[in-house]
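Below you'll find the structure, written out as structure tokens, and then a few comments.
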Amino acid sequence: MMQDKNTEITVGMFVAAGIAALFVLAMKVSNLTEFTDEKGYQVIAEFENIGGLKVRSPVTMAGVRVGRVADISLDPDSYNAKVTLNLYSKVDNIPTDTSASILTAGLLGEQYIGLEAGAEEEFLQDGGVIDLTQPALVLEQVIGQFLFSKAEGEDK
Amino acid sequence: MMETIRSLGIWGLNTFERLGRGHLFLLHLLTGIPALFFRFSLVIQQLYSVGVLSVFLILISGLFVGMVLGLQGYNTLVDFGAEESLGVLVALSLVRELGPVVSALLFAGRAGSALTAEIGLMKSTEQLSGMEMMAIDPIRRVIAPRFLAGLISMPLLAAIFSAVGVFGGFLVGHGLLGVDDGAFWSQMQVKTDWFDDVFNGVIKSMVFGFVVTWIALFEGYDAIPTSEGVGRATTRTVVHSAFAILGLDFVLTALMFGDE
Amino acid sequence: MPLVKIRDLHFYRGDRAIFDGVNIDIHQGKITAIMGPSGTGKTTLLRLIGGQLRPHRGTIEVDGQNVHKLSHTELYELRKRMGMLFQSGALLTDLTVFDNVAFPLREHTDLPESMIRDLVLIKLQTVGLRCARDLMPSELSGGMARRVALARAVTLDPMMIMYDEPFTGQDPISMGTLVNLIHRMNEAMELTSIVVSHDVAETAEIADYIYLLSEGKVIEEGSPVKLKRSSSQWVQQFMQGLPDGPVPFHYPGTGFSDDLLSPEVSA
């Protein structure tokens, strides 16, 4: 009987360790903690070009995360990219004339949206639109332009 | 020529027959699962021999795999000036792939082969037959608890493996190579998704646990009841499990991460 | 009305006929022996009666029920009333002697532990191993293992018990013990016994009726006395253990002198 009890205790410890490991993976390694305040409000921004932006890419303001990209679609009329941003509800004082630009973290890093606050007294509401946008810097285009201007310069 | 074709045919028929028997065996043992919730002590005994006895191996292997990932990853990332991403690299490799796959391979070698040998030996010493004649269904009484124990143990072992591996990667990355610990953890958290990465990894390990335990138990139950037969069955368990794990891993990865 | 009624039994392993039209009756309260040379499928017969194997043709009825027409549940109910003693004992190696004997009780009944203890001790007392109850099966001799298995086979008080080669490989003392036990059990518990064996002397000593099987057929049947007086040469050879007779000493083939003179040299 003593053996049975020891078996049960070690099995209990094993199961606890396994669940603890899962918990660590959820809390420490991944972003489960963010799920709780992901219920925010949504605003829309249109971009000429979004480059490598993806759904779930971060949205930051002054480098602080304030939300995530919720959805990306093509606007059928303007042929622009329509990006839906999910902003945290605690950040509820973003002015309506705020500008959004697509930036790159480091030279080869992933792309994210940076917001720059405007000066209006009114704040963005759910379903609001950000009008001032700046498209992503597409490396091929930049290099293309650079080579083009260089070639033009040599002609003269 | 005809002989070759004939032997190919025999091989095919035998393979299909075995597959059929394997599936009937699985169905039979699944019917024994509900009753186990009323006699959970049977499962606890098996959790001990299947799960607890594999923990040490998993801990050590996980730690070393994580440490190696830390070293190798650092050397590659540092060329791009991206050594801050070491945490992401270690965590994603472990949680998505190495955790479920390597721990399942180790599990097949440690617990799977032991299960096959145990069941095969019980068969060859007529213990299974003896139970049948005592009106006790050995598939439900002996096999089903082991199956459930394997199913429960595998995800837990994989989680332990990944968690210890991340810690091993951190030890090497921060302690040995001096990667900033804040960047290590925060980058990891930003890029590792709870559902897409961690949870899918858990699903993978559950599938592997199911398949490995099934293979191991069936090989034991279907073994030729001699010492040579049991020996061969044990080898087959490890080989077939490895094939199944790696093949299924590709399929599951394609399903889970393919459309990104 | 016999307890076990086997009619026109056919069973094949691959192309080889193990049973080719066998009829056997086993009567209640008697010890019936099934004898025959090795490889005649005596153990297979027990497995057929127990429903572990299916005959290719013919029927086996136990207590009026056709074993191979029963559902899974009905078959298991029937098996509770049949005991079987395997050649190896088939004890569960990870349980003690006591737990082995208690195993069927714990699985099939909800009896309180104190009553299980009493019942197990009674059965172990009958086979003379009450004081060995804490040993593991690996610590038992072959004869003791078979006695434990016998105690286990009768814990549910079955109506019949099947013995698979109970005397094989035993020293004279444990052989004597087992012969005595089988005989006593049958009388005291009003069992019906089927003994499968090729140990002529021991089996003839306790059997009420003997069936002799060879090459898939019943060659001879009757009481031990009748078989010993049989006029058949084959029966005489088997019962007396003569080295040569209708079953030749030499494996059939070409003559010895032909072989010696043949020019074929195996490389």
Next on the checklist: Can you tell me which of (1) out of contact with any helix residue (DSSP H, G or I) (no Cβ under 6 Å at 6 or more places or on another chain); (2) farther than 28 Å from C:Arg81 by Cβ; (3) in a strand (DSSP E or B) is the one C:Glu220 doesn't meet?
Outcome noted: (1)
Checklist entry - Restricting attention to the stretch B:28-43, does a residue exist that is among the hydroxyl-bearing types (Ser, Thr, Tyr), more than 17 Å from B:Phe184 (Cβ to Cβ) and open to solvent by 30 Å² or more (accessible area, probe 1.4 Å)? => result yes
Next on the checklist: I'm trying to understand the selection: among the residues of the stretch B:70-85, which are among the polar types (S, T, N, Q) and within 18 Å of A:Val29 (Cα to Cα)?
Outcome noted: B:Ser85
Checklist entry - open to solvent by less than 40 Å² (accessible area, probe 1.4 Å) and under 28 Å from B:Ser129 (Cβ atoms): does that describe C:Gln237? => result no
Item to check | Residue, farthest from the chain's Cα centre (by Cα), within the stretch B:191-204, restricted to residues that are more than 7 Å from chain A (Cβ to nearest Cβ) and at pLDDT below 85 | outcome: B:Lys191
Next on the checklist: Would you confirm whether or not the stretch C:36-47 contains a residue that is facing another protein chain (nearest Cβ under 10 Å), surrounded by fewer than 17 Cβ atoms within 10 Å (Cβ to Cβ) and in a loop (DSSP other than H, G, I, E, B)?
Outcome noted: no
Checklist outcome for this item: When restricted to C:Arg133, C:Arg106, the only residue at negative phi, of a type in the set (Lys, Arg) and free of Cβ contacts under 8 Å to residues at least 12 places away in the same chain is C:Arg106
Item to check | Pick from the stretch B:129-188, criterion of a type in the set (Val, Ile, Thr) and within 14 Å of chain A (Cβ to nearest Cβ), ranking: surrounded by the most Cβ atoms within 10 Å (Cβ to Cβ) | outcome: B:Val166
Checklist entry - Out of all the residues in the stretch A:59-113, which are open to solvent by 40 Å² or more (accessible area, probe 1.4 Å) and acidic (Asp, Glu)? => result A:Asp71, A:Asp77, A:Asp92, A:Asp97, A:Glu110
Item to check | Every residue from the stretch B:75-100 that is more than 30 Å from the chain's Cα centre (by Cα), open to solvent by less than 60 Å² (accessible area, probe 1.4 Å) and facing another protein chain (nearest Cβ under 9 Å) | outcome: B:Gly81, B:Ala82
Checklist entry - Residues in the stretch B:215-229: is at least one of a type in the set (S, T, N, Q), under 28 Å from B:Leu27 (Cβ atoms) and surrounded by fewer than 18 Cβ atoms within 10 Å (Cβ to Cβ)? => result yes
Checklist entry - So how many residues does the stretch C:68-109 have that are open to solvent by less than 10 Å² (accessible area, probe 1.4 Å), more than 19 Å from C:Met159 (Cα to Cα) and away from chain B (no Cβ under 11 Å)? => result 1
Item to check | Boolean, C:Gly51 is more than 10 Å from chain B (Cβ to nearest Cβ), out of contact with any Gly (no Cβ under 7 Å at 6 or more places or on another chain), touching a residue at least 24 places away in the same chain (Cβ under 8 Å) and more than 18 Å from C:Arg146 (Cβ to Cβ) | outcome: no
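The values are calculated or read from the model by the stated rules, or taken from the named source; none is laboratory data. The structure presented is a predicted model; accordingly, all values stated were derived computationally and were not measured. Because the Cβ atoms are built from the backbone with ideal geometry, glycine has one as well, and the counts that use them run over all protein chains shown. Areas reflect the complete protein model, heavy atoms only, side chains present, ligands, DNA and RNA absent. Shrake-Rupley method; radii C 1.70, N 1.55, O 1.52, S 1.80 Å.
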